[in-house]
1. Of the options A84, G273, L295, report the single residue whose Cα projects farthest towards the positive end of the charge dipole of the chain (beta-carbon charges: Lys, Arg +1; Asp, Glu -1).
2. For the stretch 298-341, just the Cα atoms, rotate onto the principal axes and tell me the three extents in Å, largest first.
3. Once the Cα atoms of helix 367-384 and of the chain are each reduced to a long axis, what angle between those two axes, in degrees from 0 to 90 to the nearest 10, is obtained?
4. Using a simple spin-label model with points 7 Å from Cα along the Cα→Cβ vector, what separation in nm is obtained for Y55 and Q431?
5. Taking the Cα centre of the chain as the origin and placing charges on Cβ (Lys, Arg +1; Asp, Glu -1), which of G409, F380, N326 is farthest toward the positive end of the dipole?
6. Cα-Cα pairs above 19 Å in the stretch 177-335: how many percent?
7. For the chain, what does -39500 (n - 2.57) per DSSP helix run (n ≥ 4), summed and divided by total residues, give at 222 nm, in deg cm²/dmol to the nearest 500?
8. Of all GluC sites (Glu not before Pro) in the stretch 1-99, which ones are in loop regions per DSSP and have a Cβ with at most 14 other Cβ atoms within 10 Å?
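The values are calculated or read from the model by the stated rules, or taken from the named source; none is laboratory data. Just so we're clear, the structure is a prediction, and the values are computed from it rather than from any experiment. Glycine also receives a Cβ, built like all others from the backbone with ideal geometry; neighbour counts cover every protein chain displayed. We work out accessible area using only protein heavy atoms, side chains counted, and drop any ligands, DNA or RNA first. Shrake-Rupley method; radii C 1.70, N 1.55, O 1.52, S 1.80 Å.
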Amino acid sequence: MKLYNTLTKKKEEFVPLQEGKVTMYVCGPTVYNFIHIGNARPMIVFDTVRRYMEYKGYEVNFVSNFTDVDDKIIKKSIEEGVSAEEVSERYIKECKKDMADMNVKPATTHPQATQEIDGMIAMIETLMEKGYAYDVNGTVYFRTRKFEEYGKLSHKNLDDLRSGNRSLLVSGEDQKEDPMDFVLWKPKKEGEPFWVSPWGEGRPGWHIECSVMAKKYLGEEIDIHAGGEDLIFPHHENEIAQSECCNGKTFAHYWLHNGFLNIDNRKMSKSLGNFFTVREIGEQYDLQVLRFFMLSAHYRSPINFSREIMESSKNALERIVTAVSNLTHLAQEAAVDVLSDAEEKLLAEIPVYRKKLEDAMDDDLNTADAISAIFELVKFANTNANDASSGAFVTALKKEIVALSDVLGLQVEKKEENLDAEIEKMIEERQTARKARDFKRADEIRDELLAQGIILEDTREGVKWKRA
């Protein structure tokens, strides 16, 4: 299995630190509002990485944090007249709901910054003891130039970063030894949450939290660190500096970053009116459609979100769902259950599609080609399964489509829905009317059911229904 490592700028064979086990850290959201679809991309992408690692037999320790102390959270708490903790706890709960709806598995651990302050203070103290950090009137800074490898992830040197990224420099340059030094601890401001430290009452800088949580829950050296490409600099660059200077070891061996998400070929922005939360998209589409959309392009490529593309994704996913539904129906109606010789030969072809999916995923997690392999299997099933097929044959086809879709976290098997007795009675009445050639009454019943959100489909396998 090969992964593209941002650190080396090339695909590398994945070799974990410990055989059979993977340690993986993914930067999570700052919880001051509902997550947006930009947050959703790394959640879905790296959940899929985790799923594939588990599919290959690895035991994955997957850690993803919640940043629950931040200027945006404090601003929201002041606007609402509630505590910052109340704001963050509310949106952690909402985030977990959206993640579940996108079929993103809960992390092995979801640490929260506010619960790891002692560890942050301890790491800062170690950095100060080693000469990598210094205190100026209660603000602690990291000496960036003292870490000779700073810039190795973003592939820029300090002078380039300083001249080309003025907006990234931390305020208060007059008291810093160097403009590129970044904050590890800052003094409290009036009305803000704070913690007691050796440097006075205050709170940690943003970058330190991930270094501390990765070390606590995964160890001083980890296999994979991941996030959006917007985090490469300065966040991940600073994490490397803090962790490697503190621990004296390579922090992460593989750095994975997903590409940007645009809206109608423009950067997502509230000012442009093209900012969408996952919750808003969920009001219009099953969030499995959003997951399918996110996986339909390679994770390192930019991806463009639009209504047209979402509709296309919805229709494409529906093809898989419909194929599974048809196979379920054929299995229920099958007259025989034992495989014929011809069916045995057909089933012998199935491993070809699994191999195609695995080859795609082993090549730097090419989910787009993996989805293509699933569609080839769907086409194979649609071509070869029919009313005369055995139950064993159609069940085997269905099982394989569902299993390969599950590798990508796509839920393609509809859960059994129970119509209430009145609706069931109406469908039976319509069937009776059709047999009596009373098509007027049959159409009336169809319209009545449609008004209740029930769509009927007359197929060669019989009447099927779905929610509108």
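1. The residue sitting farthest along the positive end of the dipole is G273.
2. Principal-axis extents of the Cα atoms in the stretch 298-341, largest first: 49, 21, 12 Å.
3. That helix lies at roughly 10 degrees to the long axis.
4. Taking the simple label geometry, Y55 and Q431 are separated by 3.8 nm.
5. Final value for the positive-end residue is F380.
6. Of the Cα pairs, 71 percent sit more than 19 Å apart.
7. -14500 deg cm²/dmol
8. In loop regions of the stretch 1-99 (DSSP not H, G, I, E or B), the sparsely surrounded GluC sites (Glu not before Pro) are E19.
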